[in-house]
Amino acid sequence: MSAHASVLSITQRLVERSKPTREAYIERTRKAAEEGPNRTVLSCGNLAHGFAACGLSDKEALAGARVANLGIITAYNDMLSAHQPFETFPALIRQAAREAGGVAQVAGGVPAMCDGVTQGQPGMDLSLFSRDVIALSAAVGLSHNMFDAAAFLGVCDKIVPGLVIAALTFGHLPAVFIPAGPMTSGLPNEEKVRIRQLYAEGKVGRAELLDAESKSYHGPGTCTFYGTANSNQMLMEIMGFHLPGASFINPGTPLREALTKEAAKRALAITALGNEYTPAGIMFDERSVINGLVGLHATGGSTNHTMHLIAMAHAAGIVLTWEDISELSDIVPLLARVYPNGPSDVNHFHAAGGMGYLIAQLLEGGLLHDDVRTVWGEGLADYAIEPKLNSDGTISREPAPPVSANPKILSTIEAPFQDNGGLKMLSGNLGKSVIKISAVKPERHVIEAPAKIFSSQQALQAAFKAGELDRDFVAVVRFQGPRANGMPELHKMTPPLGVLQDRGFKVALVTDGRMSGASGKVPAAIHITPEALDEGPIARLRDGDMIRLDASKGTLNVLVDAAEFAARRPAAADLSEGAHGMGRELFANFRAIAGRADNGASVLYS
């Protein structure tokens, strides 16, 4: 177990809270393992349909003696840079499976939408719900009961959490996640931000903005800033779903290909047919969740995971709370400076020592549970490595470098960039919310200013362009929660608020919407719950109300008479415009039953 007393205490509290649901989940998982995977329960007609399209050798293998069959769930599409590399992965996986004496089949595909494409557009209203659609889609693919293990191909924001929910729902199957890797570095992040702010001020045109964006997002692979997509990759490695060292190897490289083939062989090696059976639902436990959160805090990761990790844990019967997340943040130091909390990208992070160095430092500080199971075996210490490609195409793993190659990007446990992870819960008379302060300067951790109320990010942008916001204020953007409009990300507000802050004004954001892993230098209390549509306190705010956001104390309050505030009639909003178009009408029932942000904002769980 971890040596850090607070980590032990929070873990034990999580275990005790989760005991009834976790025990029921484990019992279901063990029962499913006893019943299968076993293709002998399929009728001849069932089985014939299941391998009808296979080659002769694979048909014989599946029809005769029991061999391991690896089901591939893929988020491939060739529009999105992060998922385009997956086009070639099934062929590599099939080849590796045959070399290992097994079979691999694509069990199904799942949708993969890009928040970068839909940002500020109607399609963004489907973004958060796509996580649960992905989980459902993956479940359909695995429901054929043809598989002894599953390989999950996914990278970005909602895709990986959705796939994890599916993997844990089919927790009797081993599950290996296979990443595609980040695109190579393009336009420096600071220059990209500079052009965006100039565009927001009207000082450059659309052509200059598009040129800068194209130089930033320029090829196959994940976007290189440390948003939700790359936070996903960190999580999959530190929670043991990736092979050691797999997360941040660029697409199209020999090492990336070798890691993909190795992952397929490892998935086949840990099925119930062998001696290393590692069902995902048993492998992933409370210690895994805590390790993921420690990694999230140590790297200044995405605020989206204050919802995703709760939903992922729920799928395994583990009851995680915002309080757990916030308390861990208070004791986990920030060891990485990756944009937006620094100028460097994930390629620079990897070159400085990457995941192997990070895990070694966190283990040294007693902040991680080493005694966990992973797809690689027993113990997280095996992940404190650096993968190398041998001349024969195999992979060797060397101990992670003991010294960071760039201390401005990766620091030590003894001399962190700051003493906490910067991802905190705020509570007060406006409800509960979260804030990411790893990129916010300390002098802006406390903001007290009058409220300016908006019902959309477009309204805020219009006010900025009209010159109405040149003053201290707290922007309140409400009716953006899961039940109102699907809880879209609101990054279109980041450039104007950044401009106003740079002009010397005290500004902050309060919203029941999302800002994700790209949350930047403006203090933002996000994911407020209860949301405005549920008549949360944010619905009773009025222009001019004094709001105090105190990230140091973890509070968010409106400074008005309590009785007068409670007596106010909650505001209403006309949401009809967002109910139709771009498929939003199909998600009306999702909006109606969506859970609260602090419970994962899911339609799958109450």
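Below is a table of values for the structure above.
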read-out: Hull volume in cubic angstrom per residue (convex hull over the Cα atoms of the range 176-238); value: 83
read-out: Size-normalised alpha-carbon gyration radius of the range 211-354, reference 2.2 N^0.38 Å; value: 1.14
read-out: Zero-based 10 Å bins, Cα pair distances in the range 500-570, whole percents; value: 17, 48, 30, 6
read-out: Among LEU410, PRO90, PRO488 - extreme Cα towards positive end, dipole of the chain, charges at beta-carbon; value: PRO488
read-out: Furthest towards positive pole of dipole, LEU358, MET183, ILE270, structure part the chain, Cβ charges; value: MET183
read-out: Cβ-placed point charges (K, R +1; D, E -1), dipole of the chain about Cα centre in debye, nearest 20; value: 600
read-out: Euclidean distance between Cα centres, the range 413-467 to the range 518-581, Å; value: 13
read-out: Sum of -39500 (n - 2.57) over DSSP H runs of 4+, divided by residues of the chain (222 nm, nearest 500); value: -11500 deg cm²/dmol
read-out: Value of Rg/Rh across the range 461-606 [Cα atoms, Kirkwood radius]; value: 0.97
read-out: Computed magnitude of the charge dipole of the range 1-131 (debye, nearest 20; Cβ of K, R +1, Cβ of D, E -1); value: 480
read-out: The range 266-329, dipole about Cα centre (Lys/Arg Cβ +1, Asp/Glu Cβ -1), debye to the nearest 20; value: 260
read-out: Separation of alpha-carbon centers, the range 38-108 and the range 121-174, rounded to whole Å; value: 17
read-out: Dimensionless Rg ratio for the range 7-85, taking C-alpha atoms and the 2.2 N^0.38 Å reference; value: 1.74
read-out: Histogram of C-alpha separations across the range 125-197, 5 Å bin width, %; value: 3, 14, 21, 16, 13, 11, 8, 6, 5, 3, 1
read-out: P(r) of the range 1-136 over all Cα-Cα pairs, binned every 5 Å from zero, in whole percent; value: 2, 8, 11, 12, 12, 12, 13, 15, 11, 4, 1, 0
read-out: From the C-alpha gyration tensor of the range 348-421, square roots of 5λ in Å; value: 23, 18, 8
read-out: Calculated Rg and Dmax of the range 202-292 using C-alpha coordinates, Å; value: 18.6, 65
read-out: Kirkwood hydrodynamic radius over Cα pairs of the range 364-509, then Stokes diffusion coefficient at 10 °C and 1.306 mPa s, in µm²/s; value: 80
read-out: Cα-only Debye scattering, the range 42-86: base-10 log of I(q)/I(0) at q = 0.23, 0.33 Å⁻¹; value: -0.79, -1.21
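Just so you know, all these numbers are worked out from the coordinates, no wet-lab data involved. A quick note: this is a predicted structure, and the numbers were derived from the prediction, not measured. As a convention, Cβ positions derive from the backbone with ideal geometry for all residues, glycine included, and neighbour counts pool all protein chains shown.
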